[in-house]
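Here is the structure we will look at, set down as structure tokens.
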Amino acid sequence: MVLDAKIPKGPLAEKWSKYKASQNLVNPANKRKLDIIVVGTGLAGASAAASFGELGFNVKAFCYQDSPRRAHSIAAQGGINAAKNYPNDGDTVYRLFYDTIKGGDYRSREANVYRLAEVSNSIIDQCVAQGVPFAREYGGLLDNRSFGGALVSRTFYARGQTGQQLLLGAYGALNRQIKAGKVKMYTRSEMMDVVLVDGRARGIVTRNMVTGAVESHFGHAVVLATGGYGNVFFLSTNAMGSNVSAAWKAYKRGALFANPCYVQIHPTCIPVHGEFQSKLTLMSESLRNDGRIWVPKKKEDAAAIREGRLKGSEIKEDDRDYYLERRYPAFGNLVPRDVASRAAKERCDAGFGVGKTGLAVFLDFKDSINRLGEDAIRARYGNLFQMYEKITDHNPYKTPMMIYPAIHYTMGGIWVDYELQTTIKGLFAAGEANFSDHGANRLGASALMQGLADGYFVLPYTIQNYLADQINVPRIPTDHPAFKQAEEDVKAFINRLKSVNGKQSVDHFHKILGHYVWDFIGMARDKQGLESVIGKIRALKAEFWKDVRIPGEVKGLNTELEKANRVADFFELAELMAHDALEREESCGGHFRTEFQTPEGEAKRDDANFMYVAAWEYKGDNQTPQVHKEPLNYEYIEVKARNYK
Amino acid sequence: MANINVKLKIWRQKNEKDAGKFDVYDLKGVSTDSSFLEMMDVLNEQIIQGGGEPVAFDHDCREGICGACSMFINGRAHGPDTAVTTCQLHMRSFSDGETITVEPWRSSGFPVIKDLMVDRAAFDQILQEGGFVSINTGGVPDANAIPIPKDDADASFDAATCIGCGACVATCKNGSAMLFVSAKVSQLALLPQGRVEASRRAKAMVAKMDELGFGSCTNTGACEVECPKEISIANIARLNREFLGANIKS
Ligand SMILES: Cc1cc2nc3c(=O)[nH]c(=O)nc-3n(C[C@H](O)[C@H](O)[C@H](O)COP(=O)(O)OP(=O)(O)OC[C@H]3O[C@@H](n4cnc5c(N)ncnc54)[C@H](O)[C@@H]3O)c2cc1C
Ligand code: SF4
Ligand code: FES
């Protein structure tokens, strides 16, 4: 299989406008004849579905929550990037493009990332027009803050709830199309399979999560905007229901899955407190604008803090090691996430960690509170501080916060070309579900940007290029054998899960899987560990299929069945992540192989041998998948070692 | 941190038609550092191990922002702590040996689906009537073209933080959705972009709310007290102004 990314010819800055000028479009009368399925109504899916509806297509949209407003995007805190250069600090489209490529450790496509930077400004215009209440200055204009990996302030924000406000904007646009009859919304519906007819995606099979009914839906094209797979780690900052299942079913039907081992461990999360913990909470990266990260310089002090004999606030200035400022003077506390996370792990592994478990570092606001006053800090981060206090029972205005890295985002995902089309014709992927744009590490505030770019400004064009020659394809009735077969497969799968009738809960297996993935495919990986974990995962999966217990009925609402369906796919994904991490014998971005590092402990890339996208093809249950390589060519950017010093 | 033992009196209801009843469970050794929902996970694990069916409840983000979680705990929406959702409530708010009563939202606008899970689709339906600015993707002015006074933007933001959880309705003795509706109406009415359709929006959303069987507002103020996002009832006054304006014009 030769992977064709379909990157338009011509100079970088003209590719997207040239594409749009020459692509095929569908006329208004024909749009009415075409149906598009959008699975997932987070930022990417809601913005796409609303925009398709506005253009005149018939849209069916699906989500597993009771309302599109609750998608995981709602939880994004810090902000969204755009190259507006309102602060006049030297930002340009090119600089945003450059920072994103560099931040991704030179493992993403130039053309895609340039387009992303190019449409970023329109996103902010669109959201303001929708009534998104971004933070403003006293002069009435929009305010910006900085995020990691950038030397300019280009991040727009709505207090610590940017994702919420952006999603509510997109949800409003979606609601307007629902009212107009252009979008039909299916909530509490889980996609269980993609249906292919003559090699093209023509619909999906869903399970109604209230009645348990297995149902088919036809579409001339299908868009997956189902989010990321961080929950393979069990404990993550993702919403409890975030899953890989929709993407995974597509993978099993022939869509390639790219760079699964590129996952982002976010440096600033509230540390794990106990074995009953169900989820981890992010403390937004924006806090690194005003907070300073440190651990004690002396091991004795660290030990005393762990044992509760000493408080962080009692450690004298000279006895503190602001290790990010020490190691990376140019970017300091605002180094990219992968760098900050590894540095925290390094200090904790070396015995300088704080907190009861020793797996925590301080994030301290003392200096900014002294400089700006408590009120200014409250205005910027009030809700985050409150959240922290509710969870930990500590007041971060008085004592430094404690944080530790946690899995947060997945750069890998379904392989897509420049048009966001997967290797299955008519199947598109958007938002965190696809692999595009962020390479081996995502910069802060760029996932919201990418999700909305895909949904508002990319797919509404590229999907027409596909649909233009589909106008004569009649709607395929869902009693077509392909739909019936897919429904039977789904029912058989559900019955198989239910009939195991073992002794252990789904969570029991998921927690063990999470430990394997964190220990072997987490912040530091090596050949031996990766090889061994594949066997462990397979054994655990076999155990799951022998001993999982799903109470209740398959008809009607069954939360354990929902979880089991997702965890069954996580086992297989975890194995694929290990294969991918093994195959990539270099360190880059979030993928750190301990065998490949510089003497200072920085990631060491191998551009001569690994400057490609690894796209994996499914080869059957427990079979080793096959890798296909899409070479990455850098025509406009000089590829360098990433340096934040 | 400490460990406590609690007795849980939980509403169990198979489906919308089932009459439902309370079941009582003993749970031992609950860490006070765990959240209420983590405690529910432990209970469910215990139920599954014992061969029973776990308690169904809505939840997703578990950090107070998605609005999914919705439990009526000891007679209060989202439990005894203030300005938190159920998922942000921690077991340190309870004492050793306490009996904790857990019920679903009870309101004719929110039928029970199963156990503690209710159907809040009515909220979506209300917003579909006008909880947006009627513009399409593309062709909008530059984001800084219209300066907005910071105070207006901040007030709009405060109203926009509503998470659509429904605690206001569950708390209100009339089952009114006025706080929820007024939050969206205010957010948009305070911004020039949303001002254009403000009256029409208010009228359409209130009409839908009435049609869906939510009660009328008698200014008890209970909603404001239980709202996890501290949405102010000043928004209801603003809604009333927009609504009156709409009726005068039409
Ligand atoms: C705590 C946190 C904070 C963050 N902060 C920021 C930030 O400040 N800036 C930034 O840029 N990014 C941030 N991110 C990342 C960003 O929020 C996400 O990457 C982004 O919101 C993903 O959007 P999405 O539309 O792709 O997917 P999601 O919002 O995850 O939506 C997925 C959708 O798919 C549906 N779905 C999933 N599976 C199925 C299925 N099987 N069947 C049917 N429907 C399904 C869901 O119901 C949902 O509607 C943050 C992430 C986290 C975890
Ligand atoms: S107004 Fe408050 S209580 Fe009512 S839905 Fe919104 S957040 Fe919940
Ligand atoms: S689970 Fe999202 S607000 Fe509680």
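The values are calculated or read from the model by the stated rules, or taken from the named source; none is laboratory data. Just so you know, these numbers come straight off a predicted model, no measurement behind them. Note: ideal-geometry Cβ built from the backbone for every residue, glycine included; neighbour counts use all protein chains shown. Each accessible area value is taken on the protein alone, full model and side chains, heavy atoms only, with ligands, DNA and RNA left out. Shrake-Rupley method; radii C 1.70, N 1.55, O 1.52, S 1.80 Å.
Can residue A:150 be described as modelled with pLDDT under 95, open to solvent by 10 Å² or more (accessible area, probe 1.4 Å) and either part of a loop (DSSP other than H, G, I, E, B) or within 14 Å of another protein chain (Cβ to nearest Cβ) (or both)? So residue A:150 passes the test.
Residues that are more than 21 Å from residue A:229 (Cα to Cα) and open to solvent by less than 20 Å² (accessible area, probe 1.4 Å): does the range A:561-583 have at least one? Looking for residues that are more than 21 Å from residue A:229 (Cα to Cα) and open to solvent by less than 20 Å² (accessible area, probe 1.4 Å), one finds none in the range A:561-583, hence no. Could you name every one of the helices (runs of 4 or more DSSP H) located completely within the range A:446-516 that has at least 2 residues being basic (Lys, Arg)? Per the criteria, A:481-500. Looking for something within 14 Å of chain B (Cβ to nearest Cβ), touching a residue at least 12 places away in the same chain (Cβ under 8 Å) and open to solvent by 40 Å² or more (accessible area, probe 1.4 Å) - is there at least one such residue anywhere in the range A:89-109? No - not one qualifying residue is present in the range A:89-109.
Of the residues making up the range B:107-120, those that are away from ligand 3 (no atom under 14 Å from the Cβ), in contact with a strand residue (DSSP E or B) (Cβ under 7 Å, 6 or more places away or on another chain) and part of a loop (DSSP other than H, G, I, E, B) are B:111, B:115, B:119. For the range A:153-182, the candidate set comprises residues that are more than 8 Å from chain B (Cβ to nearest Cβ) and β-branched (Val, Ile, Thr); within that set, the residue that is nearest to residue A:87 (Cα to Cα) is A:155.
Checked against the criterion of being at positive phi, more than 16 Å from ligand 2 (Cβ to nearest atom) and more than 17 Å from the chain's Cα centre (by Cα), the range A:91-99 contains not a single residue that satisfies it. Considering only the range B:128-244, give the helices (runs of 4 or more DSSP H) lying wholly within it that have at least 1 residues that are away from ligand 1 (no atom under 16 Å from the Cβ), aliphatic (A, V, I, L, M) and within 18 Å of the chain's Cα centre (by Cα). Where helices (runs of 4 or more DSSP H) fall fully within the range B:128-244 and carry at least 1 residues being away from ligand 1 (no atom under 16 Å from the Cβ), aliphatic (A, V, I, L, M) and within 18 Å of the chain's Cα centre (by Cα), they are B:150-160, B:167-171, B:178-189, B:198-211, B:222-226. One residue alone among A:290, A:321 is over 30 Å from residue B:39 (Cα atoms) and either touching a Cys at 6+ places or on another chain (Cβ under 6 Å) or modelled with pLDDT under 95 (or both), and that residue is A:290.
Residues that are more than 21 Å from residue B:34 (Cα to Cα), within 10 Å of another protein chain (Cβ to nearest Cβ) and open to solvent by 40 Å² or more (accessible area, probe 1.4 Å) within the range B:79-121 comprise just one, B:119.
Is it fair to say residue B:164 is more than 10 Å from ligand 2 (Cβ to nearest atom), open to solvent by less than 10 Å² (accessible area, probe 1.4 Å) and within 10 Å of another protein chain (Cβ to nearest Cβ)? Judged against the criteria, residue B:164 is not a match. Is it the case that some residue within the range A:183-205 is in contact (Cβ under 8 Å) with a residue 60 or more places away in the chain, open to solvent by less than 10 Å² (accessible area, probe 1.4 Å), within 14 Å of chain B (Cβ to nearest Cβ) and aromatic (Phe, Trp, Tyr)? So far as the range A:183-205 goes, no, none of its residues is in contact (Cβ under 8 Å) with a residue 60 or more places away in the chain, open to solvent by less than 10 Å² (accessible area, probe 1.4 Å), within 14 Å of chain B (Cβ to nearest Cβ) and aromatic (Phe, Trp, Tyr). A single member of B:147, B:192 is without any contact (Cβ under 8 Å) to a residue 12 or more places away in the chain and more than 16 Å from ligand 2 (Cβ to nearest atom), and it is B:147. Among the numbered criteria (1) in contact (Cβ under 8 Å) with a residue 40 or more places away in the chain; (2) closer than 30 Å to residue B:82 by Cα, which single criterion is violated by residue A:344? If we test residue A:344 against (1) in contact (Cβ under 8 Å) with a residue 40 or more places away in the chain; (2) closer than 30 Å to residue B:82 by Cα, just (2) comes out false. Pairing each residue of the range B:122-137 that is more than 7 Å from chain A (Cβ to nearest Cβ) with any residue that is open to solvent by 40 Å² or more (accessible area, probe 1.4 Å), provided the two are 6+ apart or on different chains, yields C-beta distances under 6 Å for B:122/B:212. Filter the range A:42-63 down to the residues that are within 16 Å of ligand 3 (Cβ to nearest atom) and of a type outside the set (A, V, I, L, M, F, W, C) and list them by number. Hit for the range A:42-63 is A:42, nothing else. The single condition among (1) closer than 14 Å to residue B:115 by Cα; (2) within 16 Å of ligand 1 (Cβ to nearest atom); (3) not acidic (Asp, Glu) that residue B:68 does not meet is (1). Comparison of A:269, A:261 shows that the only residue that is within 14 Å of chain B (Cβ to nearest Cβ) and open to solvent by less than 10 Å² (accessible area, probe 1.4 Å) is A:269. A single entry from B:194, B:221 fulfils the requirement of being surrounded by 19 or more Cβ atoms within 10 Å (Cβ to Cβ) and assigned by TED's automatic domain parsing to the domain that holds residue B:125: B:194.
Where helices (runs of 4 or more DSSP H) fall wholly inside the range A:332-419, the ranges with 2 or more residues that are open to solvent by 10 Å² or more (accessible area, probe 1.4 Å) and aliphatic (A, V, I, L, M) are A:366-372, A:374-392. The residue that is surrounded by the fewest Cβ atoms within 10 Å (Cβ to Cβ), among those in the range B:48-78 that are at the interface with chain A (Cβ under 8 Å from one of its Cβ atoms) and not in a loop (DSSP other than H, G, I, E, B), is B:49. Residue pairs whose Cβ atoms lie under 8 Å apart, separated by 6 or more positions or on different chains, with the first residue in the range B:233-248 and modelled with pLDDT under 85 and the second assigned to a helix (DSSP H, G or I), are B:245/B:198; B:245/B:199; B:245/B:202; B:246/B:199; B:246/B:200; B:246/B:202; B:246/B:203; B:247/B:203. If you go through the range A:104-156 and keep only what is under 30 Å from residue A:415 (Cβ atoms), out of contact with any strand residue (DSSP E or B) (no Cβ under 7 Å at 6 or more places or on another chain) and polar (S, T, N, Q), you end up with A:108, A:112, A:121, A:122, A:126.
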